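S.K.: A single structure is presented below for examination.
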Amino acid sequence: MPAPQPSPAAVSIEPIVTLQSHILQQQAVSPEATGTLSWILSALSISTKVIAAKVRGARLQDVLGTAGTDNVQGENQQKLDVIANEVLLRVLGGRDGVAIVASEENEEPVILRDDPAAERRYCVLFDPLDGSSNLDVCGGVGTIFSILRHDRRARDAQASLLQPGARQVAAGYVLYGSSTVFVLTVGRGVDMFVLDPAAGAFMLVERGLRTPTTCRSYSVNEGNRRTFPEGYQRYLDWAQEQGYSSRYVGSMVADVHRILLKGGVFMYPPTRKAPQGKLRLMYEANPMAMLIEQAGGKAIAAPGRRILEIQPGDIHERTPVVLGSAGEVDQVAAHLG
Ligand code: P6P
């Protein structure tokens, strides 16, 4: 009997992980998971693939420009704002686990299911096409989403939605830029996927993203500088004396994505035109704050006031935003105090 041969060493092969398989992996390690959240994340994946195709073909299919209507914020709606909103409403509407959706484009929340006996359900809030005014000039635009557990005990839809951002179960965005990037957190770090158009799938490119703790760069619309509160002006004077660089796209998803990957600080301070800041708490600031904190950064509305701790009073309320590298947010806070 020949001596037994040692089995060949196992070969380590770098797996190809798609967003879909990643979602199922995350579900598998969550004992209480029922698959409902996975189905919702899958709905966001297919919705944003459809939106990406419409964004990339916009000029050729003549869907650029304004729709001739205003949204609840009194802002001109771009044709693609309306199209993207419709796609998300229709795809999420087909998911049994979604009780309520709320959108920047809809004044009232849309109640999809309200039978009290139902198993766990969720509320999905989104800005369907943030930064859409950049579409005509081929600038980066994005979809931002936030997912909360549906509170069946709440007296109405608004009450179920008005939860602090710390209660989000998932948050993320899709940036329609030089590539289509899906950035997601379910509370266990931040993972990044890039759409492979040939395969029609979002491919995992980075697990456990961490934003650098410092980076000498700030991102703010300096056109509003004269109307910023004093502390912000003191910070900008300091940063410029220190030789900080300035980067600003005017599209939150594009600006925050740069901060997430390279560090720095993004700010939308109170202005004369927007005394509470321009950005909306529920479907812009909260999801971005969860992502940045999960990546090791900070996100505040004022010194000592975490965005994720704000108790909302209205689904469309606004908040000042200072978020990014922990060290850089601390620098801004030190000048605001
Ligand atoms: P401003 C886009 O309209 C948006 O809501 C965010 O994406 C962006 O960060 C901000 O407004 C830009 O506002 O006043 O600098 O044009």
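S.K.: Looking at region 183-200, which of its residues are touching a Lys or Arg at 6+ places or on another chain (Cβ under 9 Å) and either part of a helix (DSSP H, G or I) or buried (at least 18 other Cβ atoms within 10 Å of the Cβ) (or both)?
M.R.: Of everything in region 183-200, those that are touching a Lys or Arg at 6+ places or on another chain (Cβ under 9 Å) and either part of a helix (DSSP H, G or I) or buried (at least 18 other Cβ atoms within 10 Å of the Cβ) (or both) turn out to be Val190, Asp191, Met192, Leu195.
S.K.: Only one of Val55, Val29, Val63 is more than 22 Å from Val98 (Cβ to Cβ) and in contact (Cβ under 8 Å) with a residue 40 or more places away in the chain; which?
M.R.: The unique qualifying residue is Val55.
S.K.: Could I ask something else about it? Only residues that are more than 14 Å from the ligand (Cβ to nearest atom) and touching a residue at least 24 places away in the same chain (Cβ under 8 Å): list them for region 240-259, please.
M.R.: Across region 240-259, the qualifying residues are Gln242, Gly243, Tyr244, Ser245.
S.K.: Condition first: at negative phi, open to solvent by 10 Å² or more (accessible area, probe 1.4 Å) and more than 13 Å from the ligand (Cβ to nearest atom). Now tell me which residues in region 278-296 satisfy that. Full working, then the answer.
M.R.: Our first condition is that a residue be at negative phi; within region 278-296, this holds for 278-295.
From what's left, open to solvent by 10 Å² or more (accessible area, probe 1.4 Å): 278-279, 290, 293-294.
Within region 278-296, Met290, Glu293, Gln294 qualify.
S.K.: Looking at Met203 and the list (1) part of a strand (DSSP E or B); (2) within 14 Å of the ligand (Cβ to nearest atom); (3) touching a residue at least 60 places away in the same chain (Cβ under 8 Å); (4) in contact with a Ser or Thr (Cβ under 8 Å, 6 or more places away or on another chain), which single condition is not satisfied?
M.R.: The failed condition is (2).
S.K.: Go through the residues of region 317-327 one by one and say whether even a single one is closer than 21 Å to Gly177 by Cβ, within 12 Å of the ligand (Cβ to nearest atom) and either without any contact (Cβ under 8 Å) to a residue 40 or more places away in the chain or open to solvent by less than 30 Å² (accessible area, probe 1.4 Å) (or both).
M.R.: yes
S.K.: Just give me the residues in region 260-277 being within 21 Å of Phe126 (Cβ to Cβ), crowded, with 21+ Cβ neighbours inside 10 Å and more than 12 Å from the ligand (Cβ to nearest atom), in sequence order.
M.R.: Within region 260-277, Leu260 is the sole residue that qualifies.
S.K.: To continue, here is another question. Kindly indicate whether any position in region 69-77 is touching a Lys or Arg at 6+ places or on another chain (Cβ under 9 Å) and among the small types (Gly, Ala, Ser).
M.R.: No: zero hits.
S.K.: Of all residues being outside any helix (DSSP H, G or I) and over 13 Å from Leu80 (Cα atoms) in region 24-59, which is most open to solvent (accessible area, probe 1.4 Å)? Just the residue, please. Explain how you work it out, then say what you get.
M.R.: Restricting attention to region 24-59, the residues satisfying the condition of being outside any helix (DSSP H, G or I) are 29-35, 57-59.
Those left that are additionally over 13 Å from Leu80 (Cα atoms): 29-35.
Values: Val29: 97, Ser30: 19, Pro31: 124, Glu32: 103, Ala33: 39, Thr34: 92, Gly35: 12 Å².
Selected residue: Pro31.
S.K.: Also, quick follow-up: Which number in (1) free of Cβ contacts under 8 Å to residues at least 60 places away in the same chain; (2) within 16 Å of Thr36 (Cα to Cα) marks the one condition that Ala154 misses?
M.R.: (2)
S.K.: Among the residues of region 218-231 satisfying the criterion of being open to solvent by less than 20 Å² (accessible area, probe 1.4 Å) and touching a helix residue (DSSP H, G or I) at 6+ places or on another chain (Cβ under 7 Å), which is nearest to the ligand (Cβ to nearest atom)? Working first, answer last.
M.R.: So in region 218-231, the residues open to solvent by less than 20 Å² (accessible area, probe 1.4 Å) come out as 218-220, 228, 231.
Filter again for touching a helix residue (DSSP H, G or I) at 6+ places or on another chain (Cβ under 7 Å), leaving 218-219, 231.
Details: Tyr218: 13, Ser219: 9, Gly231: 19 Å.
Across region 218-231, the extreme among qualifying residues is Ser219.
S.K.: Return yes or no: is Glu309 within 14 Å of the chain's Cα centre (by Cα) and not β-branched (Val, Ile, Thr)?
M.R.: no
S.K.: Name the residue, out of Asp237, Asp255, Asp314, that is open to solvent by 10 Å² or more (accessible area, probe 1.4 Å) and more than 21 Å from Glu105 (Cα to Cα). Lay out the reasoning, then the answer.
M.R.: Numbers: Asp255 fails: open to solvent by 10 Å² or more (accessible area, probe 1.4 Å); Asp314 fails: more than 21 Å from Glu105 (Cα to Cα).
The conditions single out Asp237.
S.K.: Mind listing whichever residues of region 66-100 are open to solvent by less than 20 Å² (accessible area, probe 1.4 Å), within 16 Å of the ligand (Cβ to nearest atom) and part of a loop (DSSP other than H, G, I, E, B)?
M.R.: Selection gives Asn71 alone.
S.K.: Sticking with this one: Which residue out of Ser146, Ser133, Ser103 is surrounded by fewer than 22 Cβ atoms within 10 Å (Cβ to Cβ), within 16 Å of the ligand (Cβ to nearest atom) and within 22 Å of the chain's Cα centre (by Cα)?
M.R.: Ser133
S.K.: Oh, and also: Looking at (1) assigned to a loop (DSSP other than H, G, I, E, B); (2) free of Cβ contacts under 8 Å to residues at least 40 places away in the same chain; (3) open to solvent by less than 20 Å² (accessible area, probe 1.4 Å), which one does Cys123 not meet, given that it meets all the others?
M.R.: The single condition Cys123 does not satisfy is (1).
The values are calculated or read from the model by the stated rules, or taken from the named source; none is laboratory data. Keep in mind that what you see is a predicted model, and the values were worked out from it rather than measured. Glycine also receives a Cβ, built like all others from the backbone with ideal geometry; neighbour counts cover every protein chain displayed. Accessible surface areas use protein heavy atoms only, side chains included; no ligands, DNA or RNA. Shrake-Rupley method; radii C 1.70, N 1.55, O 1.52, S 1.80 Å.
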